[in-house]
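Undergrad: Sharing a structure here in structure tokens format.
Bear in mind that the values in this text are calculations on the coordinates, not laboratory data. These numbers were taken from a predicted model, which means no experiment stands behind them. Here the Cβ is made from the backbone with ideal geometry for all residues, glycine too, and neighbour counts use every protein chain on show.
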Amino acid sequence: MKQQTSFFIDNLIADADRPWNIPPAVPGMPIAEVDTPALILDLDALESNMNKVHERLHAAGLRVRPHGKAHKSANIARLQIASGAIGICCQKISEAEAFVAGGVADVLVTNQLVGAIKTRRAAQLARQCALSVCVDHQIQIDQLAEATRDAASRIGVLVEVDIGHGRCGVSSVNAVVELAKLITRHAPQLSFAGLHAFRGSAQHLRTYEEREAAVDQAVAMLRDVVEALSREGLECPTITGGGTGTYALEAASGLYTEVQPGSYVLMDADYAENIQGENDDVLRHALFVMCSVISAQSHHAVLDGGLKAFAMDRGVPKMVDCDSTVRSVSDEHAVIEPGESRQLPRIGEKVRLIPGHCDPTINLHDWIVAFRGSHVSHVWPVTARGAMF
């Protein structure tokens, strides 16, 4: 196998237009031979997480629309759809374009599109897929209406409600109703598709009771909005939101119709800090960054992955294969120190680390090395890497 792997890699390098960007692995290769630093994905753990969450939401009668911003991978999105998801979400129109090109037919952009460039791109993309977007201001609606008229396309429009995150969205019932009315005036190009109600900060509230209180507050507010829309003769076909930290609560709300978990198929060190409720699903870590030890001194060792391999907004990555801990991270290196065993990995050894935050970590890599057991199954491109526009 080692000779065969070497043959494949040698030929990849020889044939590559950009030899500095060849994949770190090939299918069939032992995980121990993957070049580093590499983003690796445990398919058994991913599938276990996906099946648990999808089954729970489907049993409650909700649709599943996973958030593609977490993995940015058309390959993973197709797995999610095959497992019962109706489509995906993303944050940028460029992400939506990448997913549609990768075979996804139903996309919700959970963000506001402002400006002629973005709205025209959305209107053109809506000719190729079922596309929905969010608004919280009349200007966004007017620009979408003009773009869809010019493109002869149709877009579903959800009014974003600020349920406590303090970011995008309107927070008054009257504002929601007025925006919904404005959307309906631009039929058939625009249709009022419902409400987007997501509170990212609630996903990371550490105790179950805190997360439950946040969702209860949101549901009470949204019920008032739905009743006000109904009094105006406006149906609200979709109420979408929620995420990996609260999906079970939205499923039990009796109000949400669709939930948007993103990190659930990957998991990261930050989500592992949440205290689980009695009936919460136990999700496994599926995403790791594999690094090699390139230097070892008496009291520390150095890995070949640093800030360009791990996102650090949620803290340092966590070691998996030994009890060493990450002491510091710089551009190209992570320095680790021994734990209770006082043992450090040796030069040349490969170790796995759990990133603090999976979403921005994914965006640092070109490839996802998907494995089962001890061998590589697939090497997938990060389809929407760098899609920020």
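Undergrad: Quick one, what does Rg over Rh come out to for region 45-126 if you take C-alpha atoms and the Kirkwood Rh?
TA: On the Cα set of region 45-126, Rg over Rh gives 1.02.
Undergrad: Got a sec? How would Ser328, Ser73 order by Cβ neighbour count within 10 Å, fewest to most?
TA: Ser328, Ser73
Undergrad: Let me ask something else. For Asp331 and Glu278, FRET efficiency with R0 = 41 Å and r from the beta-carbon atoms, rounded to 0.05?
TA: In this case the efficiency is close to 0.40.
Undergrad: Below 14 angstrom from the Cβ of Thr257, what's the summed charge of the other residues (Lys, Arg +1; Asp, Glu -1)?
TA: That sum, taken over residues with Cβ under 14 Å, equals 0.
Undergrad: If you take the beta carbon distance between Asp224 and Ala187 as r and set R0 to 30 Å, what does 1/(1 + (r/R0)^6) give as a FRET efficiency, to the nearest 0.05?
TA: About 0.75, to the nearest 0.05.
Undergrad: Okay, next question. Can you tell me the alpha carbon radius of gyration of region 214-290 divided by the globular rule-of-thumb value 2.2 N^0.38 Å?
TA: My calculation over the Cα atoms of region 214-290 gives 1.37.
Undergrad: I need Lys69, Lys52 ordered by Cβ neighbour count within 10 Å, fewest first.
TA: The fewest-first ordering by Cβ neighbours comes to Lys52, Lys69.
Undergrad: Still on this structure: Dipole magnitude of region 44-273 about its Cα centre, charges +1 at Lys/Arg Cβ and -1 at Asp/Glu Cβ only, in debye to the nearest 20?
TA: Value, rounded to 20: 720 debye.
Undergrad: According to the square roots a ≥ b ≥ c of the eigenvalues of the Cα gyration tensor, what is the shape class of region 17-83, taking rounded for a/c under 1.5, prolate for a/b larger than b/c otherwise, and oblate for the remainder?
TA: It is prolate, given that a/c is not under 1.5 and a/b is the larger ratio.
Undergrad: In the neighborhood of Leu41, defined by Cβ-to-Cβ distances under 12 Å, what is the net charge if each Lys or Arg adds +1 and each Asp or Glu adds -1?
TA: 0
Undergrad: Counting only C-alpha contacts under 8 Å and six or more residues apart, can you give the relative contact order of the chain as a whole percent?
TA: The value is 21 percent.
Undergrad: What is the fewest-to-most order of Trp20, Trp380 by other Cβ atoms lying within 10 Å of their Cβ?
TA: Least crowded to most crowded, the residues run Trp20, Trp380.
Undergrad: Moving to a separate point now. Name the residue, out of Phe310, Phe371, Phe99, whose mean-square fluctuation peaks in a Gaussian network model built on the chain with Cα pairs under 10 Å.
TA: So, out of Phe310, Phe371, Phe99, the one fluctuating most is Phe371.
Undergrad: Of Ala197, Val351, Gln124, which is farthest towards the positive pole of the chain's charge dipole, taken about the Cα centre with +1 and -1 on the beta-carbons of Lys, Arg and Asp, Glu respectively?
TA: Value computed over the given set: Gln124.
Undergrad: So which trypsin sites (Lys or Arg not before Pro) in region 335-367 end up in coil per DSSP with only 15 or fewer other C-beta atoms within 10 Å?
TA: Arg342, Arg346
Undergrad: Could I ask something else about it? Under unit Cβ charges (Lys, Arg +1; Asp, Glu -1), what dipole magnitude, rounded to 20 debye, does the chain have relative to its Cα centre?
TA: Around 760 debye, computed over the chain.
Undergrad: Based on the mean of other Cβ atoms within 10 Å per residue, sort peptides 24-36, 126-138 so the most packed one is first.
TA: My ranking of the peptides, most packed first, is 126-138, 24-36.
Undergrad: Additional query: Please report the relative contact order for region 82-198, taking Cα pairs under 8 Å with a sequence separation of at least 6, and give it as a percent rounded to a whole number.
TA: Relative contact order for region 82-198 comes out at 22 percent.
Undergrad: Among residues other than Ala98 whose Cβ falls under 10 Å from its Cβ, what is the net charge (Lys/Arg +1, Asp/Glu -1)?
TA: +1
Undergrad: Which order do peptides 282-294, 228-240 fall in by mean Cβ count within 10 Å, highest first?
TA: Highest to lowest by the protection proxy: 282-294, 228-240.
Undergrad: So what is the 222 nm mean residue ellipticity for the chain from helices alone, if each DSSP H run of at least 4 adds -39500 (n - 2.57) and you divide by all residues, rounding to the nearest 500 deg cm²/dmol?
TA: -9500 deg cm²/dmol
Undergrad: Please report the relative contact order for region 234-300, taking Cα pairs under 8 Å with a sequence separation of at least 6, and give it as a percent rounded to a whole number.
TA: Contact order relative to length: 26 percent.
Undergrad: Moving to a separate point now. GluC sites (Glu not before Pro) within region 316-385: which are DSSP loop residues with at most 11 other Cβ atoms inside 10 Å?
TA: For GluC sites (Glu not before Pro) across region 316-385 that sit outside H, G, I, E and B with at most 11 neighbouring Cβ atoms in 10 Å, the list reads Glu340.
Undergrad: Now, a different point. With unit charges on the beta carbon (Lys/Arg positive, Asp/Glu negative), name the residue among Tyr247, Ser171, Trp367 whose Cα is farthest towards the positive pole of the charge dipole of the chain.
TA: Projecting each Cα onto the dipole axis, the largest value belongs to Trp367.
Undergrad: Semi-axes, largest first, in whole Å: what does sqrt of 5 times each Cα gyration tensor eigenvalue give for the chain?
TA: 41, 24, 17
Undergrad: Write down Rg/Rh for region 44-273, rounded to two decimals, with Rg from the C-alpha atoms and Rh from the Kirkwood relation over Cα pairs.
TA: Expressed as Rg/Rh, it is 0.95.
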